[in-house]
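What follows draws every value from the coordinates through simple rules; no lab data is involved. Keep in mind that what you see is a predicted model, and the values were worked out from it rather than measured. So basically every Cβ, Gly included, is an ideal-geometry build from the backbone, and we count neighbours across all protein chains shown.
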Amino acid sequence: MADNQGVAIVTGGSRGIGEAISRRLYDDGFTVAVLDLVAPDNLISDGVVQHFTHVDVTSASSVSTAVQEIVATYGMVDVLCNNAGVSTMQRVVDMTEEEWDFNFSVNTKGVFLMTKAVLPIMIRQQRGVIINTASMAGVKGVPLLAHYAASKWAVIGFTKSVALEVAQYGIRVNAVCPGFVKTSMQERELGWEGQLRGMAPSEVFDEYIRLTPMQRIEEPEDVAKVVGFLAGPDAAFITGEAINVTGGANL
């Protein structure tokens, strides 16, 4: 672990991309606070996570209580990684209102509520970094993921807009757009897409690799490395960006 760089909050930080982000920020010297529905037991036992709160990012009261608790404990919030996210797969003609609302509630409303909760703190500090996990699906159309894609396009629009509002306070706001990342979410999506398209999950997986010019499935650490850069001093003049981390899959 490097010298202390401040306090970083990671939503959905217990597994997958969130776990990799938590580990990277810890290695970079941050005190890591994870807000999630699932306890980050491995991260806690490894000493990576110093603070965990069970949080529903779709609930304003849950978010507010968690952020106030962190500020009361540490006195500051230097980095917020809005990483919590969900997905489902369905053709639009068969999509339910519940599926649409579920994706937007977590993927978009959750980003809004967390950002709203930390901004007063960062404005008082006259510094801060917010990094939102969007998606390759937030910059291109994706069949069977219209609701998910729409929620991630919204995250990118929100990112760029907030960046313009808060740059005067020394706060930077950026997004990362992962591609086909090897996570438990991807495992579920392989099954869903295979069923919807009449393919074996292994065939869908092979297609993901073919669609990635760098010819491999993305690892959570590929995303975490870019988040670590954006959270650090080398990105001090970067704000309002949505950075593709896809191995060229959406170029």
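Summary table
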quantity	calculated
Within the range 57-75, considering residues that are out of contact with any strand residue (DSSP E or B) (no Cβ under 9 Å at 6 or more places or on another chain) and farther than 20 Å from Asn4 by Cα, the one surrounded by the most Cβ atoms within 10 Å (Cβ to Cβ)	Thr58
Helices (runs of 4 or more DSSP H) wholly inside the range 148-251 containing at least 3 residues that are farther than 19 Å from Val111 by Cα and over 21 Å from the mean Cα position of the chain (by Cα)	184-197, 201-210
Which listed residue, of Thr212, Thr183, is under 24 Å from Ala20 (Cα atoms), in contact with a helix residue (DSSP H, G or I) (Cβ under 6 Å, 6 or more places away or on another chain) and among the β-branched types (Val, Ile, Thr)	Thr183
Val142 vs. criteria in a loop (DSSP other than H, G, I, E, B), more than 27 Å from Ile9 (Cα to Cα) and of a type in the set (A, V, I, L, M, F, W, C)	yes
Scan of the range 1-41 for residues that are free of Cβ contacts under 8 Å to residues at least 40 places away in the same chain and part of a loop (DSSP other than H, G, I, E, B), ordered by number	Met1, Ala2, Asp3, Asn4, Ser14, Gly29, Leu37, Val38, Ala39, Pro40
Residue within the range 98-118 that is of a type outside the set (S, T, N, Q) and part of a strand (DSSP E or B) present	no
In the range 58-97, the residues that are within 20 Å of the chain's Cα centre (by Cα), without any contact (Cβ under 8 Å) to a residue 60 or more places away in the chain and assigned to a helix (DSSP H, G or I)	Ala60, Ser62, Val63, Ser64, Ala66, Val67
Flag for Ile44 being β-branched (Val, Ile, Thr), assigned to a helix (DSSP H, G or I) and farther than 24 Å from Val166 by Cβ	yes
Output for the range 23-44, where each listed residue is surrounded by 23 or more Cβ atoms within 10 Å (Cβ to Cβ) and either on the phi > 0 side of the Ramachandran plot or touching a Pro at 6+ places or on another chain (Cβ under 7 Å) (or both)	Val34
Hey, His147 touching a helix residue (DSSP H, G or I) at 6+ places or on another chain (Cβ under 9 Å) and within 19 Å of Gly12 (Cα to Cα) or not	no
